[in-house]
Every structure is written in structure tokens, then in C-alpha cells.
Amino acid sequence: MLEVLGYQALPRNGRRIAWLPPVETIPSGEYTFGSQDDPEAHSDEHRFNQRLAAFALGRFPVTNAEWGCFIKVGGYEEPRWWRGEASRRYREEGSMEGQINTWEWWRDQARAGKLEQKLATSSMEPDTQDLIRSKTGLDDAGWQAYIDSLRASSQAVKQPAFWKTARYGGALQPVVGISLFEVLAYCQWLSEVTGEAYGLPNELQWEAAARGPGPTPRRYAFEGELPTDVCNIAEPRCFTGAPTPVGLYAKGRTPDTALYDMTGSVWEWTTSAWREELPYDLEPLSGLEEASVRRVVRGGAWNNNPRNARAAYRNHTSCDQEYPIQAMHLFADSRVVKT
């Protein structure tokens, strides 16, 4: 099935060791970023123009079928693909600090009397909301015991966090539950076995690819507003309840470069450290020495509302977060970039 979508099998010694992702060229030129006169814009969606060099970006988010090749060749056991001390420590010991930070944020909302307001505007399922209410309602001793139990549950990473969850396990679904550490290791492996340079886009490359060139960039990755058959987000006409297989939303492709799923389905990692003010971080990133810096994710997900699926929206999260909505586009996944 992957061949039909443009993937090529990479054989070695008579067996397939990887899938080569189809990529689309994003031309060099002047691109417009951020929001202007948008009532749904956030304060960090700064409006500015910048010229970018041409690059190639994966047509689809990286799939479970592609990630399965990485697991099969021992991608989680081979240390040379895990660059930087923080990455190697994460592989060997795991990390719960990102989840703990998120829990601390929810408790802060509860203490400020804002919990129900935040839950009401989220798209989390009722059982998840009930769990948040339960945990954030603990007294100080109970809360500390819960945080300690999370830290104690950390263990070596062998596969994506939701690898064996049927809801997210289709071969053509984007691989989810992957930290930035795992994404970078995957890119190192793919670069080594192909002899080509793969990585992740920075956030300007991602936004430029999603919105197109010129002075009036698109609101979403496709032209116009939200008909029912262009993307998978938490909007009644579009919601599916899980990430959708790649290649499903032909009408939701970017009109100029035919990239799929840049709006919704899964958040996509970028290399950029999150900065609220300009200039944004555009430094290359092949390994992680410092895990505490939050990195930008883009595009929205199947359980996010239309506001957060706008192409200008800038989300950010800890490098060790492994949500069932986190994925990648190869800069070439997330989505990969190919250089």
C-alpha cells in the first residue's frame, strides 16, 4: 500500500530495511508568517516576512509502517543514533519530567480556580478530564506521592508510548507517542541507511510549507475554510476520534505542493526551541544536550479545535512528551526534511 502513495522500499541483503518517504520541494522565496487582524490569533503569532532557501519536506507524516523498520533493525538499542547526553539518558532511563510539568500546570489551574474553564475549552475525553479533577484535588501529601510515583515509573524506552494501542496502530496511521529524542534518533538512522540527509523542519520551514508563499498566506494548509472532507480535527463535521491514515484527505492537501495532513490529525515536531518573541529559533538540531528547553510543535491534531489547527498557531512542549497526538514530518515527521 505504501508504494501506491509514492514510498520506495530500500532493500539490503534481499530484505526491506526502510521505506523512503516521498518528498515535495518547497521553493525558495519570500514568505509571510504569523497573524494579522485574526480574532483567534495568540500574542506570539508575530507578523513578519522572511526569505527562505528551498527545501524538501515529506509528503506525509511518518507512519507506523516506516517506524516499524526502525524498531526491527534495533533502533532503540543502537546508541550511535541517539545524539547528545540527554538523548542517550532518555533511551536508557526514560523520563517522566514532561508529564510531571504538565500535571503541575493543571494543578496550578485548579489552585487558581481556572480548572473547569480550561477543561471546558479542551477537547479531552470525559475520563481524562475526570482523572485531572481527581489528581489535582489531592492534598499536598497525596499530590507529592503521585508525582513521586510518576518519577518511579520511568523506564528504558523500547518503542513509542502507544505502539501497542490498537486505536493508533494502523500501518498507514502516523506514528504517535514519540518524544523529540526518538524523532531525532529516527532521522539519524534514516540518514545513515540511505546515505542522504534527513531531519526535521524548523518552525518557519513548517509554516511556509503549510501556508504557501506571498503576502496573504493561507489560514489553514488548504484554501478556504473547513468543509467536512479536508482534515481531521475536533470539529463536529471533521472529527474521527483518532489519527487518520495518511493520504486520506486529498482535498486537504496544500494546493501548491501537495503536502498531506498539515492541518490536524497529529501535532508535528520541529527543531525550534519555543520563544515567545522574535526572532524564532532556526538553529540546526541533530542531538539534544539539554532536555528542559521546550520545542515547537505545529499543525493541530485530531482532538484539537479549529483555532489550534490554524497554520500560524505555535504550540510547544517538553522534549520527552509522548502524547498520542505527537508525530513528525520528515524534513525532506513528525514530517522529515531532506537536505
Check: Restricting the first residue to segment 25-36 and requiring it to be surrounded by 12 or more Cβ atoms within 10 Å (Cβ to Cβ), which pairs with a second residue that is among the basic types (Lys, Arg) meet a Cβ separation below 6 Å and a spacing of at least six or different chains?
Finding: Glu30/Arg51; Gly34/Arg47; Gln36/Arg47
Next item on the list: List every residue pair whose Cβ atoms sit under 9 Å apart, with the two residues 6 or more apart in sequence or on different chains, where the first one lies in segment 136-159 and is farther than 17 Å from Ala86 by Cα and the second, anywhere, is of a type in the set (S, T, N, Q).
Entry: Thr136/Gln109; Leu138/Gln144; Trp143/Thr136; Leu150/Gln99
Next item on the list: Just name the residue that is farthest from Glu322 (Cα to Cα) out of those in segment 178-233 that are of a type in the set (S, T, N, Q) and crowded, with 22+ Cβ neighbours inside 10 Å.
Entry: Gln205
Note to self: Suppose we filter Glu268, Glu235, Glu277 for residues that are part of a loop (DSSP other than H, G, I, E, B), on the phi < 0 side of the Ramachandran plot, among the charged types (D, E, K, R) and touching an Asp or Glu at 6+ places or on another chain (Cβ under 8 Å); which single one remains?
What the structure shows: Glu277
Next item on the list: At least 1 residues that are touching a Ser or Thr at 6+ places or on another chain (Cβ under 7 Å) in each: list the helices (runs of 4 or more DSSP H) lying fully within segment 58-161 that qualify.
Entry: 85-93, 97-111, 115-120
Check: Among all residue pairs at least 6 apart or on different chains, which show Cβ distances below 9 Å where the first residue, located in segment 81-106, is within 29 Å of Thr128 (Cβ to Cβ) and the second is assigned to a helix (DSSP H, G or I) and polar (S, T, N, Q)?
Finding: Trp103/Thr136; Trp106/Thr136
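Here, each number is a calculation from the coordinates, and none is a lab measurement. Values in this document were obtained by computation on a predicted structure and should not be read as measured data. Cβ atoms come from the backbone with ideal geometry, glycine included; neighbour counts cover every protein chain shown.
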